[in-house]
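The values are calculated or read from the model by the stated rules, or taken from the named source; none is laboratory data. Because the structure is predicted, anything quoted here is derived from the model rather than measured. Cβ atoms come from the backbone with ideal geometry, glycine included; neighbour counts cover every protein chain shown.
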Amino acid sequence: MRSATILAAAGLIAAAGAVNASTLEDVKARGQLLCGTNTGLVGFAFTDENGNWQGFDISICKAVAAAVLGDPEAVEYKPLTGKTRFTALASGEIDVLARNTTWTFSRDSDLKFEFVGVNYYDGQGFMIPKALGVSSALELDGATVCIQTGTTTELNLADYFRANNMTYEPVPIETNAEAQQKYLAEACDVYTTDASGLAATRASFKNPSDHIILPEVISKEPLGPLVRHGDNEWGDIVRWVLNALIIAEEKGITKDNVMEMAASPGDDPETNRLLGTEGEYGSMIGLDADWAAKAIAANGNYGEIFDTYIGPDTAIGLERGLNASYTDNGILYAPPFR
Amino acid sequence: MSVATSPEGPSFRISMLWTDERFRSGFIQAIAMILLMLGAAWLVNNTIQNLSDLGKDFDFGFLWQPANYDINQRLIEYNSQDSNARAALVGILNTLLVALMGCITATVVGIAAGVLRLSKNWLIAKLMTVYVEGFRNVPILIWILLTVAVVNESLPSPRDFRGVETGAIVASNRGIYIPAPIMGDGAWIVVAILALSIAAIFMVRSWARRRQDATGEQAPVLWYSLGLLIVPSTAAYFALGSPITLEYPELRGFNFQGGIYMRDSLIALWLALSLYTGAFIAEIVRAGILSVSHGQTEAAYAVGLRPNKTMNLVILPQALRVIVPPLISQYLNLTKNSSLAIAVGYMDATGTLGGITLNQTGREMECIILLMGFYLIVSLAISTVMNWYNTRVKLVER
């Protein structure tokens, strides 16, 4: 993983032209989308029994590939750690990063990335074995904390303990899998990451009920896909694929009925515009008229993706909460499609 | 053709550059040099171009910004509000610590294994062969991961010590705690006396050597040395009322507090690096000893030297000139291999400067250049010191 960083840095030197041309043209010419993903996080990015990548974040990759190339499977996944992800994106090794990445000021400006939206509103939490009898994060003074290095959680943790005058022993870890192993071996008392990640990790334990997630959520973690600065056309495409999935849920367009609805204009003008049966909206971003229909057909709308991979009926069992549509007391809100 | 090689041809023709032996070598070197410089210029230009395409500048100002992250093992004062430069320094000191500990242990292990592999005892010799081949032929990263896994999974966690009486040393799966010396009033006097004693030992040794050279009489240097080492400092220690006390680790809250804490990551990295490099050093030592012809031993025995003296005065001085140069490479390898530390969460220079700082600031180019510079300087420093030692032990040829 270390060498990946260095390779990527070397890539900055050697990758002439790779980041200059239009990303859309590159992707079309290649016939494949290069998508940066998590190295493995149940529900968000994992490989199924056939070795195919699946998950909440993976669905974004598939939707973008479907919209741009017409084939949701035309994706090459690049598993990246918290440490290697930004260098990989900056050097042009990937076209889009969909790896529960928090949108922050400095990443947007200083690291020269463009966050196209938020696909999961999250916050940082703590998981701890029940046996330790801790009920609040404020009782964690002196604890050994496992933490994924190269993340915002690393910085939040330092801030939180400093603000509350507590000490801790950080154990930096590269991947979720390593953190899980350390935590279960009791080499650390607490594991901290985004609350969704904690729920996903806990779901894979043998005895999930032996561990609790503390009530404190110490940060805002808006997670979303991102692209490089400087190619606004490509940024628009990824942004509107995400928005299309959210609008589809608002409009009741699902995986099952999308092709039927896209076949002929219906009664709702916005649905017609989205699915390409009215107006020339696809050509505005350099795609086919039915790009959104293909994106939705890939995995269904936002709600369907949520329910399939991380929703209440899955082992992870996350509630929609903030991630419900604004019409259902959530804050998920896509700009109008017109 | 015959004209070109003719000695009478006064005029220089361009084809002579590659047909005439007098010019050929210089011409080829010049071409190679030009190509090399063009290649370097292209790389630099390309880097500048790509950085500006990405909208990135080349600026080391980030080093003075607050780092905002915590580091577990700190040899100097550091908190998350200190600068990235200080975080890098903490990492650099951690690298140097594990490299120093590793080099010392690897040398001890290597010399022991190298000598024992030549032992006449079949079992010991074979065991050492297994050790050398086992460690030499498996990648170091695997050994590091294996060691930390063994520490994490097999030793008890601090929770398991609850209600258990712990002694001076505690081995938990988060690392080993050893007693820490507490320096009271007058402790530094004891330390100073100890330092003076050590200096005195060197003086006694050199006096004994000079006397032996002059008169042939041998002095009991070992006893003098031991006496100098123990008696004055012990006397001072008690005379000053035991100013140095030991602080034992104690379980408080989630973890043990007090004592010196050697983290699981440090132990894993240190052990794995020492054993791995030790295996290579063992082979170097064995080769060095075998390089001294057996006739030397026989000659030493013939003049009446005992086996111990034969080894120290005849074999080792000659073996060292074979051992030291490849030993330098092993020290360099160990230092550079320590950059695998992040695999076990040990915060070395690669973990801080080349890891978190790089990641949080996005200054890939600057961080990697600084990191390369650091390893280069450390390696060159080790080489310089070892080369100086090599000149000292080199056989003076007459």
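Quick look at the values:
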{"item": "Evaluation of B:S242 against (1) part of a loop (DSSP other than H, G, I, E, B); (2) within 14 Å of another protein chain (Cβ to nearest Cβ) (one fails), failing number", "result": "(2)"}
{"item": "Neighbours by Cβ (under 6 Å, 6+ apart or cross-chain): first from region A:36-56, free of Cβ contacts under 8 Å to residues at least 24 places away in the same chain; second part of a loop (DSSP other than H, G, I, E, B) and surrounded by 20 or more Cβ atoms within 10 Å (Cβ to Cβ)", "result": "A:F46/A:G55"}
{"item": "Condition check for A:E221: out of contact with any Phe, Trp or Tyr (no Cβ under 7 Å at 6 or more places or on another chain), buried (at least 16 other Cβ atoms within 10 Å of the Cβ), touching a residue at least 60 places away in the same chain (Cβ under 8 Å) and under 30 Å from A:I128 (Cα atoms)", "result": "yes"}
{"item": "Any chance B:A272 is more than 27 Å from A:G142 (Cβ to Cβ), surrounded by fewer than 21 Cβ atoms within 10 Å (Cβ to Cβ), small (G, A, S) and more than 14 Å from every other protein chain (Cβ to nearest Cβ)", "result": "no"}
{"item": "Top-ranked residue of region B:84-121 - restricted to ones that are among the small types (G, A, S) and within 14 Å of chain A (Cβ to nearest Cβ), ranked as surrounded by the most Cβ atoms within 10 Å (Cβ to Cβ)", "result": "B:G91"}
{"item": "Residues (surrounded by 24 or more Cβ atoms within 10 Å (Cβ to Cβ) and either facing chain A (nearest Cβ under 9 Å) or in contact with a Cys (Cβ under 7 Å, 6 or more places away or on another chain) (or both)) located in region B:347-362", "result": "B:M347, B:T350, B:G351, B:L353, B:G354, B:G355, B:I356, B:T357, B:L358, B:N359, B:Q360"}
{"item": "Among residues of region A:139-167, those that are among the aromatic types (F, W, Y) and at the interface with another protein chain (Cβ under 9 Å from one of its Cβ atoms), counted", "result": "1"}
{"item": "Residue that is nearest to the chain's Cα centre (by Cα) [pool: residues in region A:256-283 that are closer than 21 Å to A:E233 by Cβ and in a loop (DSSP other than H, G, I, E, B)]", "result": "A:G276"}
{"item": "Single match in B:V170, B:V138, B:V148 (criterion: more than 20 Å from A:A131 (Cβ to Cβ) and within 14 Å of chain A (Cβ to nearest Cβ))", "result": "B:V148"}
{"item": "Total residues in region B:363-375, condition in contact with a Leu (Cβ under 7 Å, 6 or more places away or on another chain) and more than 10 Å from chain A (Cβ to nearest Cβ)", "result": "1"}
{"item": "Test: residue in region A:82-99 that is away from chain B (no Cβ under 14 Å) and modelled with pLDDT under 90", "result": "no"}
{"item": "Leading residue by the ranking (nearest to A:L155 (Cα to Cα)) among those in region B:27-79 that are assigned to a loop (DSSP other than H, G, I, E, B) and of a type in the set (F, W, Y)", "result": "B:Y69"}
{"item": "Condition met for B:S80 (in contact with a helix residue (DSSP H, G or I) (Cβ under 6 Å, 6 or more places away or on another chain), under 30 Å from A:P129 (Cβ atoms) and of a type outside the set (K, R))", "result": "yes"}
{"item": "Wholly within region B:286-371, helices (runs of 4 or more DSSP H) carrying at least 3 residues that are among the charged types (D, E, K, R), in contact with a Ser or Thr (Cβ under 7 Å, 6 or more places away or on another chain) and touching a residue at least 40 places away in the same chain (Cβ under 8 Å)", "result": "none"}
{"item": "Every residue from region A:168-186 that is out of contact with any Cys (no Cβ under 9 Å at 6 or more places or on another chain) and either within 9 Å of chain B (Cβ to nearest Cβ) or basic (K, R) (or both)", "result": "A:Y168, A:E174, A:Q181, A:A185, A:E186"}
{"item": "Cβ pairs under 7 Å, 6+ apart, first in region B:187-200 and closer than 12 Å to B:S242 by Cα, second polar (S, T, N, Q)", "result": "B:V190/B:S233"}
